[in-house]
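Worksheet: one structure, shown below.
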Amino acid sequence: MIQIEKAKVPTMYFIGVTTTKSSIMKLFPEWAKALGLNNAVLKGIDLEIHADPEEYREVVKFIKEDELSLGALVTTHKIDLYEAAKDLFDELDPYARMFGELSSISKKDGKLCGHAKDPITSALALERFVPETYWQDHEGELLLLGAGGSAIAISSALLDPKHGDNTPSRVVITDINESRMNEIRHIIQKVNPAIQVDYHLVGDTEENGRLLESLKPHSLVINATGMGKDRPGSPLPGNAKFPEDSLVWELNYRGEREFMHHALDQKEALNLHVEDGWIYFLHGWTQVIAEVFHLPMTKERFERIEDTSDSMR
């Protein structure tokens, strides 16, 4: 039985596994001040990975019924929570239905709303360092290392048909897990069936290294494996060479980040732009905060959050 105290002030929840260890617990009070969210608080709700479906339902019912519980950001449990409690929501956005997951819970006009925000978050983060007509101006390719939830969101954002021919000339996705590979293939077919993607089930880092070195200049290489934060190491071998004039995105914003440092070692010689996951993290949270508190995340508000966060990083 999940025990959650009735909220006494406007409350947003963070549904995760070890929420007290997250840097957001220190950041949120400063963000609330910067955004004028008087008295608003963030509380963690920790659940075991693949918890009992009834626990997910209890959490969602509590948020739905408690007046000052305004919503939540969901991590780790996105798919399990959706499967267990989707019938409790009055509205689910198209991405939530397409991906079968929820990262945002909010209320609007008496209705409980669920969103999958990751594709929007990915697009906003990409806009920060990928020039607007990058793929039209060059013949660069995309190498996506990892096929989990982040990779699905990023590929959905990059390959959206609205971009027309402003998409990578070749898309290569690798993973060590066949079920993840099947899932991302299924989603990309829904998003843009016209896109040709090379899927590689890899057994070791050497295979990733060979694929990396086959890329054209002006490519984009992304570490979406979790390696360097969730577990040690890098998806690339130590002798791998990045393509010249390319963009490199390390999705981790903390931890060893061996992949990122590998790219930084080659940055000057190969004219690389190397980005970490900090802006991705900020957009992920601010997009959900915007839904929960009905506060449009304008450029000015986001910059306020970024300035506040950079000083505490």
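The values are calculated or read from the model by the stated rules, or taken from the named source; none is laboratory data. Small disclaimer: the values here were computed from a predicted structure and weren't measured. Virtual Cβ from ideal backbone geometry, glycine too; neighbours counted across all protein chains shown.
Would it be correct to say that Ser155 is assigned to a helix (DSSP H, G or I) and modelled with pLDDT under 95? Answer is no for this residue.
Restricted to strands (runs of 3 or more DSSP E) entirely inside segment 67-121, those with at least 3 residues that are buried (at least 16 other Cβ atoms within 10 Å of the Cβ) and over 17 Å from the mean Cα position of the chain (by Cα) are 69-74.
Considering only residues of segment 190-204 that are of a type in the set (A, V, I, L, M, F, W, C) and closer than 15 Å to Ser169 by Cα, which is farthest from the chain's Cα centre (by Cα)?
The initial filter retains those residues of segment 190-204 that are of a type in the set (A, V, I, L, M, F, W, C), namely 191, 194-195, 197, 201-202.
If we keep only those that are closer than 15 Å to Ser169 by Cα too, we end up with 194-195, 197.
Values: Ala194: 24, Ile195: 22, Val197: 21 Å.
The extreme case among them is Ala194.
For the condition exposed (fewer than 15 other Cβ atoms within 10 Å of the Cβ) and within 26 Å of Lys78 (Cα to Cα), Asn192 does not qualify. A count restricted to segment 133-152 and to residues that are at pLDDT 95 or above and either under 18 Å from Glu291 (Cα atoms) or among the charged types (D, E, K, R) (or both) stands at 2. Taken over segment 260-313, the criterion of being among the small types (Gly, Ala, Ser) and over 20 Å from the mean Cα position of the chain (by Cα) is satisfied by Ala263, Ala269, Ser311.
Restricted to segment 6-24, and to residues there that are of a type in the set (S, T, N, Q) and not in a loop (DSSP other than H, G, I, E, B), the residue that is farthest from the chain's Cα centre (by Cα) is Thr11. Selection of segment 29-63 for residues being in a loop (DSSP other than H, G, I, E, B) and either closer than 15 Å to Val9 by Cβ or of a type outside the set (D, E, K, R) (or both) yields Gly36, Leu37, Asn38, Asn39, Ala40, Leu47, Ile49, His50, Ala51.
For segment 223-237, residues that are surrounded by fewer than 21 Cβ atoms within 10 Å (Cβ to Cβ) and within 11 Å of Asn208 (Cα to Cα) total 1. Any idea which residue in segment 129-155 is nearest to the chain's Cα centre (by Cα), counting only those that are closer than 16 Å to Met98 by Cα and in contact (Cβ under 8 Å) with a residue 60 or more places away in the chain? Only one residue fits best here, namely Ser150. Just to be sure I understand, how many residues within segment 240-263 are surrounded by fewer than 15 Cβ atoms within 10 Å (Cβ to Cβ) and at pLDDT 95 or above? Residues in segment 240-263 being surrounded by fewer than 15 Cβ atoms within 10 Å (Cβ to Cβ) and at pLDDT 95 or above: 2 in total. Any chance segment 128-142 includes a residue that's in a strand (DSSP E or B), aliphatic (A, V, I, L, M) and not assigned by TED's automatic domain parsing to the domain that holds Glu54? So far as segment 128-142 goes, yes, one or more of its residues are in a strand (DSSP E or B), aliphatic (A, V, I, L, M) and not assigned by TED's automatic domain parsing to the domain that holds Glu54.
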